[in-house]
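Notes follow once the structure below has been shown.
FYI, it's all coordinate maths here, none of it is from the lab. For clarity, every value in this text was computed on a predicted model and none was experimentally measured. Here the Cβ is made from the backbone with ideal geometry for all residues, glycine too, and neighbour counts use every protein chain on show.
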Amino acid sequence: MLTMKTPPIEAVIYQHEQIEVLKKLSFDDIRSFQEKNTSMLVFVQDEIANQSLNDFLKSLDIHPLIISDIFSTNQRVKIEFIDDTIFCVLSFVDKKNERIELKSSKMSLIFNHEMVLIICPKQIQFNVNQFVEKFLLKSSHPQLDKALYYLLQSILNDFYNMMDDSIDNLETIEDYLISDPKKINLKDLYFLRRDFLMLRKILLPIMDISDVLSKFNTAVIGPDTKLYFQNMFAQAKRTLQSLDFYQNMVSNIHDTYISSVNTVMNRSIALITKFATIFIPITFISGIYGMNFEVGFYNNPKGFTIVLAGMTALAVGMSWLLRTKKFDLGDS
């Protein structure tokens, strides 16, 4: 539901029990609608000059503390209630090169009786038409509290899509662990674990916000809509438990993979060690007979054959001894 680079100002206007999407609006247009007591959703990109946006917010009688928070560069994810206005700051979820990233830029959301104002980074913006189509299926009247719910739900939908992608990658790696561990890239496991950590960081604030909205007594949110937020909170809570499970699953797969790699390495080293054990006495005997003085069987015509046969018998005997003592020489 998120697309790139849309016009700076778009609005969903409620007039005469009808919903209309207007694009390429000016601040004066929004002010004129407000003067007519028109309910509306306003989408603004923060690429607009700060002074112009600041003047616009002041003209809408937005509280100075909220305006200050909007222009703060180090804003954390939160929800605040000031007078009859709800102010939320949310992080964006984004995917870059198949990796999930928590965007440093935030979305500011202002909600009161008259409008829902959303200030988004210029890189990402809501697809307003798609949002309205979904919203129209739920209500044909200006219920801005439900619009707030659908906005949060649309962010969660993007979250769930990325979570499903991460789960699919995890299941693929799990299949490789059983069928062919050599196909597993340790780097992918570390990235996958990081993805689930990012998803957790995104989900927790939304869960807290939905919990607060479902319990806080305020005139701008109706009792019916509180049930929506309660359902959102319950759903997010179950998802958080699933994330914990998948995080543990990634850790278990990582440990199993490292254990299998270590097992293969240990078997290889053990096999080399056993071959060395067999050939050490043979090497000792050949070293003695390679010296520059006479030793046993030196002048015997069959001496070489006897010594060679003895070394062969010694090697076969040591191999038999290792096997009878259950020292496995490996598959080879």
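By the Cα gyration tensor, the range 261-324 has an equivalent ellipsoid whose semi-axes, rounded to whole angstrom, run 32, 13, 6 from largest to smallest. Binning the C-alpha pair distances of the range 171-287 at 5 Å intervals from 0 yields a P(r) profile of 2, 9, 13, 11, 9, 8, 8, 7, 7, 6, 4, 3, 2, 2, 2, 1, 1, 1, 1, 0 %, listed from the shortest bin outward.
Electrostatic bookkeeping for Asn248 treats Lys and Arg as +1 and Asp and Glu as -1; over the other residues with beta carbon under 14 Å from its beta carbon, the sum is -1. The order of Lys187, Lys106, Lys146, going from fewest to most other C-beta atoms within 10 Å of their C-beta, is Lys187, Lys146, Lys106. In plain terms, the residue of Glu174, Glu35, Glu20, Glu10 with the fewest other Cβ atoms within 10 Å comes first and the most crowded comes last, giving Glu35, Glu20, Glu174, Glu10.
As a footprinting exposure proxy, order Met249, Met163 by other Cβ within 10 Å, with the fewest listed first. Please list the in-between numbers first.
Values: Met249 18, Met163 22.
Going from sparsest to densest Cβ surroundings: Met249, Met163.
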